[in-house]
Structures are given as structure tokens and as C-alpha cells.
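Q: The structure is given below, and queries will be raised subsequently.
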Amino acid sequence: MAKAPARAASAVRLFDAHCHLQDPHVAAVAPTLIRAAAASGVARFAVNGTSEKDWHLVKQMAEDHPAVVPCFGLHPWWVPERSPDWMNSLRRFFAETPEAAVGEIGLDKGSHGKTIDFGEQVEVFQRQLELAKELERPVSVHCVRAFGDLLEVLKQTGPFPAGVLLHSYMGSAEMVSGLANLGCYFSLSGFLIGMKSTKAKQMLKSIPLDRILLETDAPDALPRLDNVSVSPVHVHSSDADTEKRHIDSESQAANASNESLNHPENIHIVLKYVASLLEMPESELAELSYKNATKLFSYPGSKVQPEAEAI
């Protein structure tokens, strides 16, 4: 039986349901970020791959860190760069990593997504949804300005007994019921703070309490909330020097301002904001979302098991 993660001194425990700690902007200091987040009460991290180029990094991170739940998927932005053998390669990663979930996959009609053939996006998305059903694994889904299309594809391919995580959900309140009926969970990130608060509150109130999740989408979605200080990514030279060997040469060339990078410890800001809109104590929302994520990520072979996570 899987061992439950050690409880931090924090008064709450949290599950970062979607992040990208293999991202080249933070991968060098991922162990430091994981330790800091764990000390604040973040017990689990669902780390999502996005293309053939980073699945091996996610796999290695999960092997190095018991708290990391690996996820493999082809993100819509990387659909044009897929190799002819991409699906076979994806299947191999799942065969070698029985604890993995599916993600990040999805549909995108945003500023970048609209430059990518939508028919190809749909085809790749459907094939990965079918794989998730075949493997009986939950799947983490990206959707930008394509919720109508998403609902149609999910109806055609679903239902999904293992669950669908709609990451950084920013859809309407009206769509929640139909999506929930197909097995969807609604994961909330710092992007929610940019939504009009009245609309965000209406949407949140429409989500069944047993389908609410919290995430950071780190290193993206840095939450900026008035009167709440944001913790930036601190890169110490010793940490970076030690960990850089885990990053390929192409990734080392990546660069970004530390002030704009997000990390899992900032999930506390998301918790605070969502709890305020739901008019719910933060401790109650933290435990509720943790139990929901534990249920979603509990499947044969997973590191996460409800019995081990119980208080």
C-alpha cells in the first residue's frame, strides 16, 4: 500500500492538481520548490508533460520525488511538432510508468492556438481521450475559447469513469452541469483572479463541491491578489548548478524573469481567493479539494490511494 505523504507543520494540506515543474524555467530548482511547497502543506504535485521532448523529464522527476504524480500528454500547442511515431512513444511511457495519468491534452482557439490547424487538434485530442479510457486513467485537459467544441468531443468520446480534470477552468457557469455529467472535475488556478469576480463567483457556486480542485499551473498563472504577497521563484546558484544536469541542453537555454514565475507554494493564494468567493473557510476548502484530487488520482498503479491519504 502507498504511504501517505508526511504531514507538514501547516494547518492545511493541499494537492497541486496541475503544474509543470519540468518546465525549463524552473526545472533546475524543482527539488527546492517541492521542498518549500511541502513545508507549507502541499503534499502532492500532478506534473504534466506537454510534448515528446519533456515526457522523459516528467518520468525522471516522478522517480526522484515520491510526491510527484507523473502525467504524459501532447498539448495542442505542440501538435504540429509531433513525430510520426508519437502515439507509440506515448504508449511506451505509460507502459513503463504505471503510476502515470494522461495530460496535458486539449483544444485551443486562443491567440496561439488559432495558428494551429483545429482539425488536427481535435484528432490528436480524441486519440488521447480514447487512450485515457483504455488505460482507465484520469486525463488533464486544456481548453481555451473552445468549450463548445470540447463539450461535443467529450460527448462523442465519453463518458469518462476515471475522470476528466479541466485545468485552469474559466468556462461559464452554464456549462458546468453538462461537463460534470461527463465526469469532469474543475481545477482552479491563479488565472481565475483575472476573471470578473461576479462571473467567477457565479461559476464557482455552480460547481459541485465534490468536483472542485486547486492547482498552480506553475510556472505559469502567477496569482496576483491585492494585499497578498506573492512568493517568487528564488534561484540559488548552488541549487541550479546541482540540478542543471537533469535538464537537456536545449532547455538550459530558456530564460525568464523570476518575478514572473509561479511555483506550487503559491497555491495558498489560489486557496484564499477561491475560499473567499465561495464564502467557505480556507481549511475546509483545502481539505475538500485534497480529498477530491485524491479520489481522481487514485487508480490501479497510482502512487495515490485513499486509504493512505486519510487523516
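The values are calculated or read from the model by the stated rules, or taken from the named source; none is laboratory data. A quick note: this is a predicted structure, and the numbers were derived from the prediction, not measured. Glycine also receives a Cβ, built like all others from the backbone with ideal geometry; neighbour counts cover every protein chain displayed. Side chains are part of the model used for accessible areas, which takes the heavy atoms of the whole protein and leaves out ligands, DNA and RNA. Shrake-Rupley method; radii C 1.70, N 1.55, O 1.52, S 1.80 Å.
Q: What does the net charge come to around Asp16 if you take all other residues with beta carbon closer than 12 Å to its beta carbon, with K and R at +1 and D and E at -1? Provide the component values of the computation, followed by the final result.
A: Details: positive: Arg13, Arg44; negative: Glu215, Asp217, Glu265.
Summing Lys/Arg as +1 and Asp/Glu as -1 gives -1.
Q: Now a separate question. Expressed in nm², what is the orientationally averaged projection area of the convex hull enclosing the Cα positions of segment 74-136? Mind showing how you got there, number by number?
A: Numbers: hull surface 16.7 nm².
About 4.2 nm², averaged over all directions.
Q: Still on this structure: For segment 142-204 and segment 38-63, what is the separation of their C-alpha centers, rounded to whole Å?
A: 23
Q: For the ranges 140-147, 12-19, what's the packing order if you count other beta-carbon atoms within 10 Å of each residue, average per peptide, and put the highest first?
A: On the way: 140-147: 23.4, 12-19: 28.1.
Top to bottom by mean Cβ count within 10 Å: 12-19, 140-147.
Q: Could you tally the net charge around Val164, taking each other residue with its Cβ under 11 Å from the Cβ of Val164, Lys/Arg +1 and Asp/Glu -1? Don't skip to the end; give the middle numbers.
A: Working: positive: Lys133, Arg137, Arg211; negative: none.
With Lys, Arg at +1 and Asp, Glu at -1, the net is +3.
Q: Still on this model: Using the heavy atoms of the protein chains alone and a 1.4 angstrom probe, what is the accessible area of segment 32-99 per residue in square angstrom? Could you put the intermediate results ahead of the total?
A: Working: 2660 Å² over 68 residues.
In whole numbers, segment 32-99 has 39 Å² accessible per residue.
Q: Roughly what would the spin-label model give for Glu287 and Asn181, points 7 Å off Cα along C-beta, in nm?
A: For Glu287 paired with Asn181, the spin-label model returns 3.3 nm.
Q: How large is the accessible surface of Met280 in square angstrom, using a 1.4 angstrom probe and rounding to the nearest 10?
A: It works out to around 30 Å².
Q: Here are some pairs, Lys114/Lys295; Lys59/Lys133; Lys114/Lys196; Lys59/Lys291; which of them have Cα atoms lying more than 27 Å apart in this structure?
A: On the way: Lys114/Lys295 34 Å; Lys59/Lys133 21 Å; Lys114/Lys196 24 Å; Lys59/Lys291 24 Å.
Violating the 27 Å limit, Cα to Cα: Lys114/Lys295.
Q: Calculate, in nm to one decimal, what Ser260 and Met87 gain on full extension: separation in residues at 0.36 nm each, minus their alpha carbon distance.
A: Working: separation 173, 0.36 × 173 = 62.28 nm, distance 3.37 nm.
So the chain would gain 58.9 nm between Ser260 and Met87.
Q: Over the alpha carbons of segment 16-131, what is the largest minus smallest coordinate on each principal axis, giving the biggest first in Å?
A: 44, 33, 21
Q: How high is the relative contact order of segment 30-184, in percent, counting Cα pairs under 8 Å that sit 6 or more residues apart?
A: Working: 226 pairs, mean separation 27.7, N = 155.
RCO, segment 30-184: 18 percent.
Q: Another one. Which order do the peptides 151-157, 25-31 take when ranked by the mean count of other beta-carbon atoms within 10 Å per residue, highest first?
A: Values: 151-157: 16.4, 25-31: 23.1.
Highest mean packing first, the order is 25-31, 151-157.
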